[in-house]
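To start, the structure itself, in structure tokens.
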Amino acid sequence: DTEVTQTPKHLVMGMTNKKSLKCEQHMGHRAMYWYKQKAKKPPELMFVYSYEKLSINESVPSRFSPECPNSSLLNLHLHALQPEDSALYLCASSQEEGTNSPLHFGNGTRLTVT
Amino acid sequence: DAKTTQPNSMESNEEEPVHLPCNHSTISGTDYIHWYRQLPSQGPEYVIHGLTSNVNNRMASLAIAEDRKSSTLILHRATLRDAAVYYCILGTNAGKSTFGDGTTLTVKP
């Protein structure tokens, strides 16, 4: 079990669908992150939120839309994805951005785009 | 981001110590050295981090070279549950640092 909960665990969606990935933490962390991980590759940073504001967007295509409705929740809205977007999407949190506090990862959502 | 170099894979026998090396010759003075591991079908897990001095915690030890251009993660007694991909990353904020390809550790019974 991790302290960062991601739902759903698995998701299959068509290229015309709209879906959302959810991430929740109750550790009082003020920095939250989305990563994308392809098979047998390291995680790649997509977005960073700090105090509920978008801090970093690593040039991610607009078909991925992050949202941080409050300090405990992080969403990733998906629309018009491509098959190459199939990957494991990982959420993480840390006490604050810009510090060396450890990252806490969820176990990810495995996304398949058909 | 400063780059790290790790061996692609390593093997260990169960209950023996494991030394996982990481080279980071371009490390800056403010970069922390972070280690994470990723077990199969799970998200990465924090292991340990340090700046200059060697560090110990319940999971592992981190030995940092005096010139900080390399470090070694030490698992004192490997178990089958330690089989994972181990990532060494640098930065003042691990969340914004780039993960390298890591070392796949296989533990043999």
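Seen from every direction in turn and averaged, the convex hull around the alpha carbons of the protein assembly as shown projects onto 12.0 nm².
So which cysteines in chain A don't have a second cysteine's C-beta under 4.7 Å from them? A:C68 - these cysteines have no disulfide-compatible partner (Cβ-Cβ under 4.7 Å) in chain A.
Solvent-accessible surface of chain B, averaged per residue with a 1.4 angstrom probe and all protein chains in place: 50 square angstrom.
Suppose R0 equals 25 Å. What FRET efficiency, 1/(1 + (r/R0)^6) with r the Cβ-Cβ distance, do B:E11 and B:K69 give to the nearest 0.05? The value I calculate is 0.45. In the stretch B:65-98, the residues that give up 50 Å² or more of accessible area when the other protein chains are added, compared with the chain on its own (1.4 Å probe), are B:N93, B:G95, B:K96.
Between chain B and chain A, the total buried accessible area stands at approximately 1500 Å², from heavy atoms with a 1.4 Å probe.
Stretching the chain fully between A:A39 and A:T5 yields a gain of 10.1 nm (0.36 nm per residue, less the alpha carbon separation). Computed from point charges on the beta carbon alone (+1 for Lys and Arg, -1 for Asp and Glu), the dipole magnitude for the protein assembly as shown about its Cα centre is near 520 Debye.
Inter-chain neighbour count for A:40-51: the average number of beta-carbon atoms from partner chains within 10 Å of each residue's beta-carbon is 3. Over the stretch A:1-71, calculate the relative contact order: mean separation of alpha carbon pairs under 8 Å at least 6 apart, over the residue count, as a percent. In percent, rounded to a whole number, it is 22.
Using protein chains only (no ligands, no nucleic acids) and a 1.4 Å probe, work out which residues of the stretch A:84-105 have their accessible area cut by at least 50 Å² relative to the chain alone. Buried by the other chains: A:N100, A:P102, A:L103, A:F105. Taken as Cα centroids, the stretch B:6-25 and the stretch B:38-94 sit 10 Å apart, rounded to the nearest whole angstrom.
For a straight C-alpha distance cut-off of 29 angstrom, the lysines reachable from B:K3 (same-chain residues fewer than eight places away being disregarded) are A:K36, A:K38, A:K40, A:K41, A:K53, B:K69, B:K96. Of the solvent-accessible surface of chain A, computed with a 1.4 Å probe over protein heavy atoms with every protein chain present, carbon and sulfur atoms account for 48 percent. Contact residues in the stretch B:30-54 by the 10 Å² criterion (accessible area, 1.4 Å probe, full protein complex versus chain alone): B:Y32, B:H34, B:Y36, B:Q38, B:S41, B:Q42, B:G43, B:P44, B:Y46, B:H49.
Solvent-accessible area of the stretch B:12-109 (1.4 angstrom probe, protein heavy atoms only): carbon and sulfur portion equals 47 percent. Rounded, prolate or oblate: which fits chain A, taking a ≥ b ≥ c as square roots of the Cα gyration tensor eigenvalues, rounded meaning a/c under 1.5, else prolate when a/b beats b/c? Since a/c reaches 1.5 and a/b is larger than b/c, the shape of chain A is classed as prolate. Descending by average beta-carbon neighbour count within 10 Å, the peptides A:6-14, B:44-52, B:4-12 line up as B:44-52, B:4-12, A:6-14, the highest first.
The values are calculated or read from the model by the stated rules, or taken from the named source; none is laboratory data. These numbers come from a predicted model, not from an experiment. So basically every Cβ, Gly included, is an ideal-geometry build from the backbone, and we count neighbours across all protein chains shown. Surface areas here come from the heavy atoms of the whole protein model, side chains and all, with no ligands, DNA or RNA. Shrake-Rupley method; radii C 1.70, N 1.55, O 1.52, S 1.80 Å.
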